[in-house]
Amino acid sequence: MSYDFKAIEAKWQQYWAKNQTYKADNNSTQPKYYVLDMFPYPSGAGLHVGHPLGYIASDIVARYYRHKGYNVLHPQGYDSFGLPAEQYAIQTGQHPAKTTKNNIERYRQQLDRMGFSFDWSREIRTSNADYYKWTQWIFLLLFDHYYCVDTDKAQPISQLIDRFQKEGNSQFAAICDADTPIFSASEWQDYSEEQQQELLLKYRLTYLAESEVNWCPALGTVLANDEIIDGVSERGGHSVTKKSMRQWSMRIGAYAERLLQGLNTIDWPEPLKEMQRNWIGKSTGANVQFAIAGHAEQIEVFTTRPDTLFGVSFMTLAPELELVQQITTPEQQEAVTAYIEKTKQRSERDRQSDVKSISGVFTGAYALHPFTQERVPIWVGDYVLAGYGTGAVMAVPCGDQRDYNFAKHFDLLIPNIFEGIDISEAAYAEKGSTPLCDSDFLNGLAYEEALPKVIEALEAAGKGKGSVTYRLRDAIFSRQRYWGEPIPIYYKNNLPCPLTLEDLPLELPAVEKYLPTPEGNPPLGNATEWGWDEKARKVVAVSEIDHQTVFPLELNTMPGWAGSSWYFYRYMDAQNSQAFADKKAVDYWQDVDLYLGGSEHATGHLLYSRFWQKFLYDLGELPVDEYAKKLINQGMILGESAIAYRKPGTNSYVSKGLVGDAKMEAIRVDVNLVNTSYELDLDGLRAWQPQFADADFELEAGKFIVGTEVEKMSKSKYNVVNPDAICDRYGADTLRMYEMFLGPLEQAKPWNTAGISGVHSFLKKLWRLFFEDEKLRLSEEEPSAAAYKSLHQTIKKINTDIAQFSFNTCISTFMICVNELSAEGTASRKIVEPLVVLLAPFAPHIAEELWEKLGHKESITTAGYPIHDEKYLKETEKEYPVSFNGKMRFTYSLPLDMDKAAIEKQILAEPQTQKYLEGKTPKKVIVVPGKIINIVL
RNA sequence: GCUCGGAUGGUGGAAUUGGUAGACACGUUGGACUUAAAAUCCAAUGACCAUUGCGGUCGUGCGGGUUCAAGUCCCGCUCCGAGUACCA
């Protein structure tokens with residue numbers, strides 16, 4: 001009987017499904033282990049061999065922990081809202097729900113073939129109303145809370161209203177918009193309901209605000225910063241401009257410090273943490289007030305170098321600041337207005353690609369230095385960003401390269417305040433130990449001492465204070481799209497009113513067209529049923545909107561990251577209709593023990609989900625404030641595109657070896673037509689695309705060889721390898737083991753089928769260990785010492801390697817073990833039985849089959865994972881390499897328990913040693929027990 | 001520019017964290033079995049020299065250093081990849 005992987009895999013996949021082998025129990029007394037994959041967006045292209053890499057790794061871990069006696073939660077679902085389905089709907093008129101459903105079915109089929117141990121009873125889809133009901137609920141909670149600085153957590157808005165009633169807003173610290181006015185308790189009470197609501201919006205953790213957004217006219221929507229690459233949209237490459245719109249935002253900035261600190265408590269890859277730290281971009285320094293000559297207003301600047309205060313020679317304001325208009329002198333008015341207009345017209349793309357050119361204009365106004373009262377000219381320059389710090393900088397040309405360049409360009413003063421530093425060529429930006437000069441009370445002090453001193457002086461003079469600024473901006477939450485979660489808000493007198501939990505889910509309405517309306521409203525503006533009846537608490541026809549009892553609903557939908565920011569808690573109790581998850585279930589599962597996914601989500605999903613986590617933790621909804629203890633980034637599997645070389649302007653192709661120095665056009669051909677020796681199947685090619693039907697091919701040695709290029713796997717590059725094809729040819733167990741064998745999990749690597757035969761023949765060899773022809777040839781005899789040793793070495797290595805997620809070396813270890821056992825001849829039950837369990841996480845189908853053949857009635861899942869016994873590994877003797885001056889000469893076998901002195905004595909007495917010593921006395925003898933003996937002459 | 005990460009045979013990659021570099025696999029070459037092919041098994045395989053003598057020299061991107069001993073640690077470069085970018 002040969003290894004019939006097709007029959008075996010089909011059999012066990014059915015068995016697992018029928019017996020719900022991998023269903024996790026919410027009422028278990030076993031310890032829990034939660035292994036999570038980043039759930040996929042079900043695209044129309046289906047899975048390629050790159051997708052399962054992380055799923056295979058997490059599946060190995062899940063199965064391993066089950067063997068170890070843990071109650072394992074290993075769920076899977078779909079991030080099923082998203083732009084591609086909507087784009088497809090626009091083109092074809094097919095409802096996104098329908099295409100999404102089809103895509104999911106295809107994904108599921110492909111996933112099932114690979115033998116994953118997912119608990120499918122917990123499957124979720126973010127586009128299902130019973131799921132997004134709870135996404136909407138979280139939105140409502142955010143709307144109903146503000147961030148209290150004193151308690152350093154989110155608090156209910158009702159509490160804020162209480163405080164406003166009693167003391168106004170000047171007595172306590174809460175995170176709010178920068179333009180929030182100060183008011184007293186009596187002023188608050190005098191405000192109208194509308195005014196009060198407007199003010200509360202400035203505090204809510206999700207809020208409406210007029211904000212500058214990245215507007216993409218071609219897509220008709222707003223894009224987040226991470227959806228823009230090189231100034232054009234990630235999807236489609238359309239140009240993007242700035243536009244001011246009233247948008248929903250998330251006050252993630254309130255959590256900046258906690259998001260930063262939390263990184264120290266989680267075991268995530270250091271590079272990923274570093275990315276998040278940079279994205280949060282904390283800088284400490286000071287805010288400094290500059291008076292303006294002849295004006296009541298002041299300019300506040302943020303600087304990380306208040307110690308260089310005496311080097312200020314001008315100020316620069318961002319063109320967007322309102323203050324600019326107020327202080328500009330009549331003579332400069334024209335120039336300033338022209339400059340502001342010019343900046344407005346420049347698209348984000350221009351501004352980014354044109355970093356080097358320096359532009360700016362003088363306002364005619366002067367600021368007064370807080371200590372010297374010297375007059376400092378105020379300029380406007382677009383290198384200052386309105387959105388960072390205060391939108392104004394104190395320019396210290398001797399200490400900052402951009403200020404330096406600006407000063408050189410406009411011929412402004414460059415006073416030097418660094419002792420003994422030459423600044424004739426460039427600014428000196430280091431925070432070094434160089435003492436300051438010409439700096440009044442800071443003279444002679446270097447950065448470290450000057451910093452606290454100047455802040456102290458500023459605070460004493462009431463001219464500034466120490467301050468911290470973050471680069472992290474609040475996240476725009478509105479999308480002008482159809483295929484996303486509706487925002488559970490309606491508008492009364494233009495003010496947003498929240499729905500309540502009882503009203504949810506607010507279901508996505510049907511629309512005729514998925515494009516924006518002619519008036520420029522989002523696609524939901526096309527819905528006929530999209531009014532909110534406040535009394536009946538239900539959605540009614542738009543025609544009934546009267547602004548008395550029926551009001552318009554929000555037309556924007558939520559962004560892609562909304563549904564993915566909390567999904568890992570839904571898996572704990574996926575069917576619950578009363579809560580996002582039952583409290584008992586959440587208390588039992590707590591958090592994710594291992595999270596696997598790509599690093600491309602570093603500053604998107606992985607940051608937003610931490611933010612929501614901390615918020616829900618503040619509310620007591622979740623037990624921990626970081627949801628994933630450990631995270632691993634699996635590397636991307638790249639495609640290896642096949643290139644056929646064509647003579648320019650002809651239809652003749654030349655085999656790779658014959659190209660030489662000739663100029664050729666590189667034409668990508670389907671990799672699936674290429675075999676492992678890079679030979680192209682010409683008949684297949686001719687049938688594949690008509691342009692090749694009558695092409696000429698110059699062969700070498702009767703073959704046509706293609707060139708290759710490693711790039712991202714994508715349909716358009718014809719380099720996509722479908723896992724189904726591999727499963728057909730070699731089976732799922734081979735695919736699983738081969739993907740792991742390819743290299744370290746974290747590393748990006750090209751897909752190449754060349755080595756797959758090695759893994760496949762390993763499985764065949766394993767099979768032959770059990771079967772000779774038709775017969776199970778299992779020995780019940782006591783195994784040899786060598787067999788025991790081989791097994792226990794393997795057990796030891798596999799256990800330590802799984803703990804380190806080093807799956808590629810696990811596969812090697814298995815190969816060595818099976819090679820050794822095969823060489824021995826007979827397979828003893830005492831050896832192969834534990835071996836099969838050991839292998840089960842990696843190649844579950846063949847392991848189940850062999851387990852059954854060994855006479856077991858229950859699934860191998862219930863078997864305990866083998867633990868090695870040192871007694872089989874114990875060695876009494878060890879080969880010591882003996883080297884002279886570090887150069888290896890010979891080896892000598894010695895008992896392991898000998899002490900160093902005895903070893904030294906015995907080695908020196910050896911005739912062979914004497915020969916190499918040539919009568920000299922060694923200076924030193926180094927003995928590392930069990931490792932090496934080095935004799936230094 | 002800044003911040004990370006990397007560089008080991010023809011190829012993918014190992015190396016107990018300073019202790020015999022190249023495990024394991026692919027590929028290649030030779031052999032066995034076979035009418036033949038597939039499958040399987042055996043042997044060789046870093047480079048160069050010596051090969052009828054068991055050996056020698058070099059070798060982990062480049063140049064230095066520390067050490068009895070360096071792929072591994074330190075200093076200075078080169079190249080490649082990722083992230084980020086007027087962040088005051």
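Among the numbered criteria (1) open to solvent by 50 Å² or more (accessible area, probe 1.4 Å); (2) hydrophobic (A, V, I, L, M, F, W, C); (3) not in a strand (DSSP E or B), which one does residue A:457 miss?
Checking residue A:457 against (1) open to solvent by 50 Å² or more (accessible area, probe 1.4 Å); (2) hydrophobic (A, V, I, L, M, F, W, C); (3) not in a strand (DSSP E or B), the one that fails is (1).
Give me a count of the residues in region A:576-602 that are free of Cβ contacts under 8 Å to residues at least 12 places away in the same chain and of a type in the set (S, T, N, Q).
Residues flagged as free of Cβ contacts under 8 Å to residues at least 12 places away in the same chain and of a type in the set (S, T, N, Q) within region A:576-602 amount to 2.
For region A:602-659, which positions are open to solvent by less than 50 Å² (accessible area, probe 1.4 Å), under 13 Å from the mean Cα position of the chain (by Cα) and farther than 27 Å from residue A:254 by Cα?
A:632, A:633, A:634, A:635
Being touching a Lys or Arg at 6+ places or on another chain (Cβ under 7 Å), farther than 29 Å from residue A:253 by Cβ and of a type in the set (Asp, Glu): is that true of residue A:573 here? First the steps, then the outcome.
Working: touching a Lys or Arg at 6+ places or on another chain (Cβ under 7 Å): no; farther than 29 Å from residue A:253 by Cβ: yes; of a type in the set (Asp, Glu): yes.
Here the answer is no, as residue A:573 does not meet what is asked.
For residues that are open to solvent by less than 40 Å² (accessible area, probe 1.4 Å) and in contact with a Gly (Cβ under 8 Å, 6 or more places away or on another chain), scanning just region A:239-289, find the one that is nearest to residue A:604 (Cα to Cα).
Top of the filtered list is A:240.
Exactly one condition in (1) within 16 Å of RNA strand B (Cβ to nearest atom); (2) in contact with a helix residue (DSSP H, G or I) (Cβ under 7 Å, 6 or more places away or on another chain) is not met by residue A:598; state its number.
With respect to (1) within 16 Å of RNA strand B (Cβ to nearest atom); (2) in contact with a helix residue (DSSP H, G or I) (Cβ under 7 Å, 6 or more places away or on another chain), residue A:598 is out only on (2).
Any chance you could count how many residues in region A:386-409 are within 12 Å of RNA strand B (Cβ to nearest atom) and part of a helix (DSSP H, G or I)? Even if it seems obvious, please write down each step before you answer.
Step one: filter region A:386-409 for residues within 12 Å of RNA strand B (Cβ to nearest atom), giving A:386-397, A:399-406, A:409.
If we keep only those that are part of a helix (DSSP H, G or I) too, we end up with A:401-406, A:409.
Summing the residues that are within 12 Å of RNA strand B (Cβ to nearest atom) and part of a helix (DSSP H, G or I) in region A:386-409 gives 7.
Counting only residues that are under 21 Å from residue A:753 (Cα atoms) and in contact with a helix residue (DSSP H, G or I) (Cβ under 6 Å, 6 or more places away or on another chain), which one in region A:681-696 is surrounded by the fewest Cβ atoms within 10 Å (Cβ to Cβ)?
So the residue we want is A:684.
Taking region A:369-385 only, how many residues are more than 7 Å from RNA strand B (Cβ to nearest atom) and open to solvent by 40 Å² or more (accessible area, probe 1.4 Å)?
Just the residues of region A:369-385 that are more than 7 Å from RNA strand B (Cβ to nearest atom), to begin with: A:369-381.
When the remaining residues are screened for being open to solvent by 40 Å² or more (accessible area, probe 1.4 Å), the result is A:371-375.
The number of residues fulfilling the criteria is 5.
Anything in region A:795-845 that is of a type outside the set (A, V, I, L, M) and part of a loop (DSSP other than H, G, I, E, B)? List them, or say none.
Within region A:795-845, the first condition is being of a type outside the set (A, V, I, L, M), and the residues that meet it are A:796-797, A:799-801, A:804-810, A:812-814, A:817, A:819-820, A:822, A:824-826, A:828-830, A:833-834, A:841-842, A:844-845.
A:804, A:805, A:806, A:825, A:826, A:841, A:842 - these are the residues of region A:795-845 that are of a type outside the set (A, V, I, L, M) and part of a loop (DSSP other than H, G, I, E, B).
I'd like to verify a number: residues in region A:465-483 that are assigned to a loop (DSSP other than H, G, I, E, B) and basic (Lys, Arg), how many? Can you show your working first?
Taking region A:465-483 as the starting set, the residues that turn out to be assigned to a loop (DSSP other than H, G, I, E, B) are A:471-474, A:477-478, A:480-483.
Going one step further and asking which of them are basic (Lys, Arg), we end up with A:471, A:473, A:481.
Qualifying residue count for the region: 3.
Please give the helices (runs of 4 or more DSSP H) falling wholly within region A:45-119 in which 2 or more residues are in contact (Cβ under 8 Å) with a residue 24 or more places away in the chain and aromatic (Phe, Trp, Tyr). I'd like the intermediate steps shown before the answer.
Details: elements: A:52-67, A:83-92, A:96-113.
Per the criteria, A:52-67.
Somewhere in region A:888-901, is a residue open to solvent by less than 40 Å² (accessible area, probe 1.4 Å), farther than 30 Å from residue A:796 by Cα and near RNA strand B (Cβ under 10 Å from one of its atoms)? Step through it out loud before you land on a result.
If we filter region A:888-901 for residues that are open to solvent by less than 40 Å² (accessible area, probe 1.4 Å), which is where we start, we get A:890, A:894.
With the extra rule that they be farther than 30 Å from residue A:796 by Cα, the set shrinks to none.
The answer is no; no qualifying residue exists.
Go over the candidates A:734, A:800 one by one and state the one that is among the polar types (S, T, N, Q) and either within 11 Å of RNA strand B (Cβ to nearest atom) or within 28 Å of the chain's Cα centre (by Cα) (or both). Give the derivation first.
Numbers: A:734 fails: either within 11 Å of RNA strand B (Cβ to nearest atom) or within 28 Å of the chain's Cα centre (by Cα) (or both).
Of A:734, A:800, the one residue that is among the polar types (S, T, N, Q) and either within 11 Å of RNA strand B (Cβ to nearest atom) or within 28 Å of the chain's Cα centre (by Cα) (or both) is A:800.
Each row is one residue, and each column tells you yes or no for (1) farther than 22 Å from residue A:578 by Cβ; (2) open to solvent by 20 Å² or more (accessible area, probe 1.4 Å); (3) modelled with pLDDT under 95; (4) not basic (Lys, Arg).
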| residue | (1), (2), (3), (4) |
| --- | --- |
| A:86 | yes, no, yes, yes |
| A:89 | yes, no, yes, yes |
| A:107 | yes, no, no, yes |
| A:125 | no, yes, no, no |
| A:137 | no, yes, no, yes |
| A:141 | no, yes, no, yes |
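Test of understanding: among A:323, A:309, which residue is open to solvent by 10 Å² or more (accessible area, probe 1.4 Å) and either touching a residue at least 40 places away in the same chain (Cβ under 8 Å) or in contact with a Gly (Cβ under 9 Å, 6 or more places away or on another chain) (or both)? Spell out how you get there, then give the answer.
Details: A:309 fails: open to solvent by 10 Å² or more (accessible area, probe 1.4 Å).
Exactly one residue qualifies, and that residue is A:323.
Considering only region A:650-676, state which residues are in contact (Cβ under 8 Å) with a residue 24 or more places away in the chain and within 16 Å of RNA strand B (Cβ to nearest atom).
Across region A:650-676, the qualifying residues are A:656, A:657, A:671, A:674, A:676.
For region A:697-718, which residues satisfy the criterion of being open to solvent by less than 30 Å² (accessible area, probe 1.4 Å) and closer than 19 Å to residue A:655 by Cα?
Within region A:697-718, A:704, A:706, A:707 meet the criteria.
How many residues does region A:484-533 hold that are assigned to a strand (DSSP E or B), within 27 Å of residue A:580 (Cβ to Cβ) and aliphatic (A, V, I, L, M)? Steps first, please.
First, the residues of region A:484-533 that are assigned to a strand (DSSP E or B): A:486, A:489-492, A:495-498, A:531-533.
Still in the list and also within 27 Å of residue A:580 (Cβ to Cβ): A:486, A:489-491, A:496-498, A:532-533.
With aliphatic (A, V, I, L, M) added as a condition, the list becomes A:489.
Total satisfying the criteria: 1.
Quick grid of which residues meet (1) near RNA strand B (Cβ under 10 Å from one of its atoms); (2) open to solvent by 70 Å² or more (accessible area, probe 1.4 Å); (3) in a helix (DSSP H, G or I):
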| residue | (1), (2), (3) |
| --- | --- |
| A:728 | no, yes, yes |
| A:739 | no, no, yes |
| A:758 | yes, no, yes |
| A:763 | yes, no, yes |
| A:766 | no, no, yes |
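Residues that are open to solvent by 50 Å² or more (accessible area, probe 1.4 Å) and touching a strand residue (DSSP E or B) at 6+ places or on another chain (Cβ under 7 Å): list the helices (runs of 4 or more DSSP H) wholly contained in region A:143-220 that include at least 1 such residues. Let's see the steps before the verdict.
Numbers: elements: A:157-167, A:185-190, A:193-201.
Correct list: A:193-201.
Looking only at region A:411-421, decide whether some residue is aliphatic (A, V, I, L, M), buried (at least 22 other Cβ atoms within 10 Å of the Cβ) and near RNA strand B (Cβ under 8 Å from one of its atoms). Before you say what the answer is, go through the steps one by one.
We begin by selecting, within region A:411-421, every residue aliphatic (A, V, I, L, M); these are A:412-414, A:417, A:421.
Subsequent filtering for residues that are buried (at least 22 other Cβ atoms within 10 Å of the Cβ) retains A:417.
Within this subset, residues satisfying the condition of being near RNA strand B (Cβ under 8 Å from one of its atoms) are none.
No: zero hits.
The values are calculated or read from the model by the stated rules, or taken from the named source; none is laboratory data. All values derive from a computational prediction rather than experimental measurement. Counting neighbours? That spans all protein chains shown, and the Cβs are built from the backbone with ideal geometry, glycine included. Keep in mind that these areas ignore ligands, DNA and RNA; they rest on the heavy atoms of the full protein, side chains included. Shrake-Rupley method; radii C 1.70, N 1.55, O 1.52, S 1.80 Å.
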